[in-house]
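Report on one structure; see the data block that follows.
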């Protein structure tokens, strides 16, 4: 169906946004992209938001679908919720062409939610930059945008948190300094983001602080600390995580199980088996799921090695 014929259906509130209809926006040719961008304002804001969210969800479920051009066009939408939704939908793309519009959104957008979504979407590119997957021009643009948001004392907390978490993979003194600053702050939200950033940093030097937060009086912090320990994947965290599987908060206990699985190895597998035999969901459910995933992964590796 030509884009010109598709627009009226996308704009009609009475027309269901079926997967077949939204998938027509996948892989648009340059001429189609231009036509969609020109006629995008003809679609009511509520429908535009539904389209953006549907496209992002479908792309997560089906790697053959490619909505980058649609989501990039929506970054300049007049509605801040649509802009934020479009940025959130770009969180996994490897197309470096989106770095500049996301960086500009983080630096200039009037909506704190849109700025926070842009910062989160840039996190994947921070990982790429640290592994040498970006040219210096793009890496510099990325660093400037994220560090600028973190260091801006007038920036909203949520956008600042998102920028801190996104910048965590960058092995730079300024980032480590800001992680320490956030953890020492009196804001519980910033402290949680600091612990999240510690996990995303891949730097085992943060492990003692993460382990200390296993004893936090806040379940949200204990949960975040468990997740961070899993990301660092250091076996030294296993004893503390074992204790956290008995946490009074079931979400924290389940997070500890997932972290144990993320660390892996014989000792982790032994702990998972013990958790799986316990009669207290969601711990045993999470442990059984983790063991199944490990078995499937080992089976796939075995097939590949034949």
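Each reported figure results from applying straightforward, stated rules to the coordinates on display, with no laboratory input. It should be emphasised that the depicted structure is a prediction, and the values quoted were computed from it without experimental measurement. Here Cβ is always computed from backbone atoms with ideal geometry, including for glycine, and neighbour counts include all displayed protein chains.
Label points 7 Å out from Cα along the Cβ direction at residue 144 and residue 100: separation in nm?
Roughly 1.2 nm, to one decimal.
Order these peptides, 68-77, 131-140, 87-96, by their mean beta-carbon neighbour count within 10 angstrom, highest first.
On the way: 68-77: 22.0, 131-140: 12.9, 87-96: 19.2.
Listed from highest to lowest mean packing, they are 68-77, 87-96, 131-140.
Given a Förster distance of 35 angstrom, what is the FRET efficiency for residue 285 paired with residue 15, based on the Cβ-Cβ distance and rounded to 0.05?
Working: r = 40 Å, r/R0 = 1.15.
Computed FRET efficiency for residue 285 and residue 15: 0.30.
Rounded to the nearest 0.05, what FRET efficiency is calculated for residue 296 and residue 202 with R0 set to 30 Å and r the Cβ-Cβ distance? It would help to have the intermediate numbers written out before the result.
Numbers: r = 25 Å, r/R0 = 0.84.
That gives a FRET efficiency of 0.75.
Between 0 and 90 degrees, rounded to the nearest ten: what's the tilt of helix 45-61 against the longest Cα principal axis of the chain?
Helix 45-61 sits roughly 50 degrees off the main axis of the chain.
Would you work out if the range 203-306 is rounded, prolate or oblate? Take a ≥ b ≥ c from the square roots of the eigenvalues of the alpha-carbon gyration tensor; rounded if a/c is under 1.5, else prolate when a/b is larger than b/c, oblate otherwise. Display every interim value, and only then the final one.
On the way: a/c = 2.50, a/b = 1.42, b/c = 1.77.
It is oblate, given that a/c is not under 1.5 and a/b is not larger than b/c.
For helix 250-263, what angle does its Cα long axis make with the longest principal axis of the chain, in degrees from 0 to 90 and rounded to 10?
The angle comes out at about 90 degrees.
So what's the angle, to the nearest 10 degrees on a 0 to 90 scale, between helix 99-108 and the longest Cα principal axis of the chain?
90
Nearest 0.05, what FRET efficiency do residue 5 and residue 61 give at R0 = 25 Å with Cβ-Cβ as r?
Once rounded, the FRET efficiency stands at 0.45.
Please state the shape class of the chain: rounded when a/c is under 1.5, otherwise prolate if a/b exceeds b/c and oblate if not, all from the C-alpha gyration tensor. Intermediate results must be reported in sequence, preceding the final value.
Working: a/c = 2.05, a/b = 1.48, b/c = 1.38.
Here the chain falls in the prolate category.
Ranked highest first by average number of other Cβ atoms within 10 Å, how do 221-229, 248-256 line up?
Details: 221-229: 25.7, 248-256: 19.7.
Peptide ranking by packing, descending: 221-229, 248-256.
What shape does the range 72-144 have by the C-alpha gyration tensor, where a ≥ b ≥ c are the square roots of the eigenvalues, rounded means a/c under 1.5, and otherwise prolate means a/b greater than b/c and oblate the rest? Can you show the working numbers first?
Numbers: a/c = 2.21, a/b = 1.89, b/c = 1.17.
The shape class here is prolate.
Of the listed peptides 211-218, 161-168, what is their order by residue-averaged count of other C-beta atoms within 10 Å, with the highest listed first?
Details: 211-218: 15.5, 161-168: 27.5.
Output ranking for 211-218, 161-168: 161-168, 211-218.
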